[in-house]
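The values are calculated or read from the model by the stated rules, or taken from the named source; none is laboratory data. Just so it is clear, the model here is predicted, and its values are computed rather than measured. We place every Cβ from the backbone using ideal geometry, glycine too, and count neighbours over all the protein chains shown.
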Amino acid sequence: MSKQDYYEILDVPRDASDRDIKKAYRRLAMKYHPDRNPDNKEAEDKFKEISEAYEVLADAQKRAAYDQFGHAGVDGQGGGFGGGGFGGGGDFSDIFGDVFGDIFGGGGGGGRRRSSVQRGADLRYNLDLNLEEAVRGCEKTLKVPTLVGCEVCDGTGAKPGTSAKTCGTCGGIGQVRMQQGFFSVQQTCPTCRGEGKVISDPCNSCHGQGRVEETKTLQVKIPAGVDTGDRIRLTGEGEAGTHGGPAGDLYVQVNVLQHPIFERDGKHLYCEVPISFVDAALGGELDVPTLDGRVKLKIPAETQTGKLFRLRGKGIAPVRGGSTGDLMVKVTVETPVSLSSRQKELLKEFQDEMDEGKSKHSPKKHGFFDSVKKFFEDMT
Ligand SMILES: [Zn+2]
Ligand SMILES: [Zn+2]
């Protein structure tokens, strides 16, 4: 039997953020959780399926492997769901705790130890690119303030030579039970805040956090053809995890800046080129800008203002492949200004000549005024 796509199972797009994946999993898991669907085999299967999908997509490395190789990339990695199935490994309680910690955590669970190993947060970096950079691709140096693993203590938070000790209050469970009347209430251990361990001799460099703030410098290759809204994921370049957990990812969010000449719509470019009314009337050759330099555009005689000329293949090659877009050149007829008296004279002479055969030279104008005349006649 071929397996269903993990993204489809969780009903999220392929570029969904970790948060969205978590949200989707949470929503579905709430619905199909065995506690809520007793003796329902179908719900149980569904629950296993979504848990398996989540286990892979929530893990940066497994997700990357899955994105690249599909199920083959993550199956049989052991420990998880891929091989052994439901309840197979220690992983399950980790994801379960991670997502459900705050829902099921308080009352019911019963002594499950909350893992203090946590994946680092994902980071977002807003990157402005000019149009040329976005179209051609480029390499950018990003300075990203982030949390990285402390080198002094190797991320443990304990002073070198010492190590964290099991919490005496909760015995390493991270939770304590309190008797309140008839009820026994489970709470996060106040001593270790659920970590299960206490650091008596904290590292001087990170003050026991295991992570330190640092501005990371990253070289990022921006592929050609990116557009506003595109995200580039740099796996493992987010914040460091805690207590040896994996680092989060860094998402570079692309924003393409306005260009003085070109307007972009997906893979097509638009630009407006002004022409004189003489060129418009007689036709001629225009110098038209493209991203690769100037090209000549022949415009026919009797070109009206607003006419679009399409230059095939002079647009943008999309980052996801497919045909290169076009450049649309919109010509606008510019009314001449600052005329000399001689020029005005010539235009008047020209006008007189035009009046001879009104409807022939300006069919649109003629037709328009005919309609206006009819409009007012119909009113009376
Ligand atoms: Zn340290
Ligand atoms: Zn404790």
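Key figures
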quantity: Filter result for the condition that a residue is touching a residue at least 60 places away in the same chain (Cβ under 8 Å) and in a loop (DSSP other than H, G, I, E, B), over Gly161, Gly168, Gly194, Gly172; calculated: Gly194
quantity: Hey, Ser371 modelled with pLDDT under 95 and either assigned to a strand (DSSP E or B) or of a type in the set (S, T, N, Q) (or both) or not; calculated: yes
quantity: Residues within the range 164-187 that are more than 8 Å from ligand 2 (Cβ to nearest atom) and surrounded by fewer than 17 Cβ atoms within 10 Å (Cβ to Cβ), tallied; calculated: 12
quantity: Any hit, the range 250-263, residues being within 16 Å of ligand 1 (Cβ to nearest atom) and more than 19 Å from the chain's Cα centre (by Cα); calculated: no
quantity: Some residue of the range 200-216 being over 35 Å from the mean Cα position of the chain (by Cα), within 12 Å of ligand 2 (Cβ to nearest atom) and either part of a loop (DSSP other than H, G, I, E, B) or closer than 30 Å to Leu234 by Cα (or both); calculated: no
quantity: Test result for Cys153, surrounded by 13 or more Cβ atoms within 10 Å (Cβ to Cβ), modelled with pLDDT under 90 and of a type in the set (A, V, I, L, M, F, W, C); calculated: yes
quantity: One residue from Asp35, Asp39, Asp15, Asp45 being exposed (fewer than 13 other Cβ atoms within 10 Å of the Cβ), farther than 17 Å from Arg119 by Cβ and touching a strand residue (DSSP E or B) at 6+ places or on another chain (Cβ under 7 Å); calculated: Asp15
quantity: Qualifying residue in the range 288-301 (condition: touching a residue at least 60 places away in the same chain (Cβ under 8 Å), of a type outside the set (Lys, Arg) and within 30 Å of Asp227 (Cβ to Cβ)); calculated: yes
quantity: Number of the exception - Lys197 against (1) at pLDDT below 85; (2) within 16 Å of ligand 2 (Cβ to nearest atom); calculated: (1)
quantity: Residue that is nearest to ligand 1 (Cβ to nearest atom) [pool: residues in the range 140-173 that are among the β-branched types (Val, Ile, Thr) and over 25 Å from Pro190 (Cα atoms)]; calculated: Val152
quantity: Some residue of the range 182-189 being within 30 Å of Asp15 (Cα to Cα), assigned to a loop (DSSP other than H, G, I, E, B) and more than 16 Å from ligand 1 (Cβ to nearest atom); calculated: no
quantity: Any hit, the range 231-238, residues being surrounded by 20 or more Cβ atoms within 10 Å (Cβ to Cβ), within 12 Å of ligand 1 (Cβ to nearest atom) and part of a loop (DSSP other than H, G, I, E, B); calculated: no
quantity: Hits in the range 266-315 - residues which are surrounded by 15 or more Cβ atoms within 10 Å (Cβ to Cβ) and acidic (Asp, Glu); calculated: Asp279
quantity: Those residues of the range 217-230 which are over 16 Å from Arg124 (Cβ atoms) and in a strand (DSSP E or B), in sequence order; calculated: Thr217, Gln219, Lys221
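A quick yes/no check of all residues on (1) within 29 Å of Gly210 (Cα to Cα); (2) at pLDDT 90 or above; (3) loosely packed, with under 15 Cβ neighbours inside 10 Å; (4) under 20 Å from the mean Cα position of the chain (by Cα):
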position	(1), (2), (3), (4)
Gly84	no, no, yes, no
Ile95	yes, no, no, no
Tyr125	yes, yes, no, yes
Leu129	no, yes, no, yes
Glu132	no, yes, yes, no
